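See structure below.
The values are calculated or read from the model by the stated rules, or taken from the named source; none is laboratory data. None of the values given here were measured: they were computed from a predicted structure. Neighbour counts run over all protein chains shown; Cβ positions are idealised from the backbone, glycine included.
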Amino acid sequence: MYMLQNKTLLIGGILVLFVLAGGGYYVFSANKPAQSTDVVQKVQEDVVPTIKPDDLGLTFTARSDNKAVKFIITNIKGITSVDYEISYTAKGDIPRGVIGRVETKSIDTQIETKYIDLGTCSSGKCKYDEGVTSVKLVLKITKTDGKNYSSEQTLAL
């Protein structure tokens, strides 16, 4: 019985030490000043330089029925790849979009996408979104030096 009481006291003492150590850590870490300059510096490093659409020779057009869009980039010198995001709002304020990537390995003159449907297509049948009045194109351009750039253009339908 005496042995059991000593074990209980020992376990209780260890638990108290853990609680005190955890509380001390919390108090000292909560009083530590925030590293705001590190956060600001990190945000500044993440800013991606932009390229004007005209400098890329970018053309963003809609098909004659305004149910699909495509883009062309004629100035591809130094570009290794282009990631694109096409976004728009359909009837009922429903946000919609498409993402894709074009590699320039086998392209010599220009980047030209096929028409990208503004809706959903399956087995050759498309259901186009209604109420689309404008479409935004955002490009992430990777150059041969490994740096990333962005460009964007909006198309009114």
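General observations
- Search result, residues across the stretch 102-129 that are within 30 Å of G92 (Cα to Cα) and either hydrophobic (A, V, I, L, M, F, W, C) or surrounded by 12 or more Cβ atoms within 10 Å (Cβ to Cβ) (or both): T113, Y115, I116, D117, L118, G119, C121, C126, Y128, D129
- Residues of the stretch 111-142 satisfying the condition of being outside any loop (DSSP other than H, G, I, E, B) and aliphatic (A, V, I, L, M): I111, I116, V135, L137, V138, L139, I141
- Residue within the stretch 17-38 that is under 21 Å from the mean Cα position of the chain (by Cα) and either part of a helix (DSSP H, G or I) or at pLDDT 60 or above (or both) present: no
- Qualifying positions in the stretch 64-75 - within 24 Å of D117 (Cβ to Cβ) and surrounded by 14 or more Cβ atoms within 10 Å (Cβ to Cβ): N66, K67, A68, V69, K70, F71, I72, I73
- Scope the stretch 134-146; condition modelled with pLDDT of 95 or more and surrounded by fewer than 12 Cβ atoms within 10 Å (Cβ to Cβ); matching residues: S134
- Flag for D65 being assigned to a loop (DSSP other than H, G, I, E, B) and of a type in the set (D, E): yes
- Residue match in the stretch 76-89 (condition: touching a helix residue (DSSP H, G or I) at 6+ places or on another chain (Cβ under 9 Å) and either loosely packed, with under 11 Cβ neighbours inside 10 Å or assigned to a loop (DSSP other than H, G, I, E, B) (or both)): yes
- Which listed residue, of D108, D145, is in the same structural domain as S64 (by TED's automatic domain parsing), in contact (Cβ under 8 Å) with a residue 60 or more places away in the chain and not in a strand (DSSP E or B): D145
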